[in-house]
Amino acid sequence: MTWTPQQPIVSLKDVHKSFGAVEVLRGISLDVMKGEVVCIIGPSGSGKSTLIRCINALNDIQSGSITVEGLEVNDPKLDKLALRKKVGMVFQQYNLFPHKTALQNVMMAPLKVLNQGRAEVEKRARALIAKVRLNGKEDAYPGELSGGQQQRVAIARSLAMNPDVMLFDEVTAALDPETVKEVLTTIKDLAADGMTCILVTHEMGFAREIADCIYFTDRGVIVESGPPATFFDNAQDPRTQQFLAQIL
Amino acid sequence: MYSPHLKPKVRGHMPVMLPMRLRADGLPLADRLFNLWTLTALVLALAAVLIGPAFAQLATPDERTILTILLEWTPTLAKGFGFNVLISVLSMLIGTVMGVFLGVLQVSQIRLIRQSAWLVTQFFRNSPWLVLLFYCILLIPFQFEIFGVKIPFPGWIKAVIGLSLPVMAYTSEFMRGAILSIPTGQWESAESLGFSRRMTLTNIILPQTVKRVLPSWMNLYAVLTMATPLVSIIGVDDVMALTRAALSAEGRADLLIPMYLYILSWFFLYCYPISSLTRVLERKYSVKL
């Protein structure tokens, strides 16, 4: 199946995922169009992170289907590299490579995985570091950077692979309140550039501001979804209402 | 341990916020006395007591002093000691290369490989070094013939191989532990960037294990060096064998203790800096990885 931009860039259909006897995802379906920003919210343990990790094939699924630009993620014959070129991922714990400088972290995957030329990769990496507003920190090691700075390097590192979709897994959850903003600004810039973004987040204000669509998950199912205005102000499902009442 | 003399530098300072640190002056007297400097002094004092009488005798005028004899034998013994160092360096090199490889196999995703590597590691880690040496001497032929060319295989090379086996096993265990101690997030982020497992291992995981393994690895080297006199038992002319030869050539009973002490001090001088450096590195790397 060839993918055209009119079709969803990421599409999940009735996805089921269990860890042993625990069923974490119980029939998740969602579509994300190119350029859309989607936020997934919900109580902890509701399967948000698992959901986003499945899109990147970091977790496999038991049944259902996940496609990214027409690539069947759950296909055992899947060319993982082809998928990873399309999908970038940023983690809660940044996971930068501590033995490499910020610049080297950004350059590593294009150099080693894509075998691109060093000069060209370095130029792009410097531009990406400037884009996440970290000029002057190119030669700093992750240990010398603040959490927010590390997270922005991690975003630049993912962008270096030129992905079409970016996944953000609670990327501000481990940050100080002051540094949360700088990372959110970076994501906002990205979204403004037309990057397709799927975020798992607890930042409701941010989700409301940036998202085209909000999905609320609880106990492995999508309870409710909709554009932020409708979702936050006019939630229908009692579980959503309860959740929003608790956090807002 | 809380040190009362430390003045709070920050408002709101509380002792509980201080880093945990064992300070010598906070310890009971017995523990304070038991440190490296007092131990060194003790060893030197013991040496003086043992050597002292030997010098005091100085026997009949025509007999050379023990110091003269030691100095006369020094070049020969030094050659033997150089051999010990050579054997230790080569065993360490070979053992480390094999050990890193074996350690990586120990975390293989294929169960059979993982378990075989584990078995090999455990076997050599739990075998007496001397027995391994004997095995190598007996099992490896004294020469190989390849295309009619005879390549001799002297005993000291067999000794190198014999000693590299435990080094391999220990390094393998160090590597396994170090690899498993790297946060899984490193694997995941590498995977999401498109790295294959092998590339992740060589580019991301193994470089990070160096710091973690280095202190124990250097410690192993010191232990290995101290074990090299074992090779004298299987007929390699190391410092130990030469010392024995020197002693029987001189035939003086009063020479025995000073000469062995002399050799002992060589090993001490060679290994002590290594273990000191190991401690420094341990302290340095344990703070933050």
For A:PRO8, which of the numbered conditions (1) under 17 Å from the mean Cα position of the chain (by Cα); (2) crowded, with 17+ Cβ neighbours inside 10 Å; (3) not in a loop (DSSP other than H, G, I, E, B) fails to hold? (3)
Looking at (1) in a strand (DSSP E or B); (2) closer than 20 Å to B:ASN203 by Cβ, which is the one condition that is false for A:ILE66? (2)
Conditions (1) of a type outside the set (Phe, Trp, Tyr); (2) surrounded by 15 or more Cβ atoms within 10 Å (Cβ to Cβ); (3) touching a residue at least 60 places away in the same chain (Cβ under 8 Å); (4) within 14 Å of chain A (Cβ to nearest Cβ): number failed by B:MET175: (4)
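Yes or no, residue by residue, for (1) aromatic (Phe, Trp, Tyr); (2) in contact with a Pro (Cβ under 7 Å, 6 or more places away or on another chain); (3) over 24 Å from A:GLY226 (Cβ atoms):
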site	(1), (2), (3)
A:PHE19	yes, no, yes
A:VAL22	no, no, yes
A:GLY27	no, no, no
A:SER46	no, no, no
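Which helices (runs of 4 or more DSSP H) sit wholly inside the range B:1-107 and have at least 3 residues that are exposed (fewer than 12 other Cβ atoms within 10 Å of the Cβ) and at pLDDT below 70? So that I can check it myself, show each step before the final result.
Working: elements: B:29-33, B:36-57, B:66-106.
Because the criterion is at least 3 residues that are exposed (fewer than 12 other Cβ atoms within 10 Å of the Cβ) and at pLDDT below 70, the helices (runs of 4 or more DSSP H) in the range B:1-107 that meet it are B:36-57.
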Please verify whether the range A:196-216 includes one or more residues that are closer than 20 Å to A:VAL68 by Cβ and free of Cβ contacts under 8 Å to residues at least 24 places away in the same chain. no
From the list B:ILE140, B:ILE205, exactly one residue is without any contact (Cβ under 8 Å) to a residue 60 or more places away in the chain and farther than 30 Å from A:ARG53 by Cβ. Which is it? B:ILE140
From the list A:ILE40, A:ILE61, which one is more than 11 Å from chain B (Cβ to nearest Cβ), in a strand (DSSP E or B) and touching a helix residue (DSSP H, G or I) at 6+ places or on another chain (Cβ under 6 Å)? A:ILE40
Would you mind finding the one in A:GLN246, A:GLN151 that is polar (S, T, N, Q) and either more than 19 Å from A:PRO43 (Cβ to Cβ) or modelled with pLDDT of 90 or more (or both)? A:GLN151
Among B:GLY194, B:GLY185, the single one that is touching a Lys or Arg at 6+ places or on another chain (Cβ under 8 Å), of a type outside the set (S, T, N, Q) and within 14 Å of chain A (Cβ to nearest Cβ) is B:GLY194
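With A:ARG152, A:ARG157 as the choices, which residue is crowded, with 24+ Cβ neighbours inside 10 Å, within 14 Å of another protein chain (Cβ to nearest Cβ) and either part of a loop (DSSP other than H, G, I, E, B) or not acidic (Asp, Glu) (or both)?
Values: A:ARG152 fails: within 14 Å of another protein chain (Cβ to nearest Cβ).
None of the other options fit; the residue is A:ARG157.
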Output the residues belonging to the range A:77-106 that are in contact (Cβ under 8 Å) with a residue 60 or more places away in the chain, at the interface with chain B (Cβ under 9 Å from one of its Cβ atoms) and part of a helix (DSSP H, G or I). A:ARG84, A:LYS85
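The values are calculated or read from the model by the stated rules, or taken from the named source; none is laboratory data. Not measured: the values here are computed from a predicted model. FYI the Cβ positions are ideal-geometry reconstructions off the backbone, even for glycines, and counts take in every protein chain you see.
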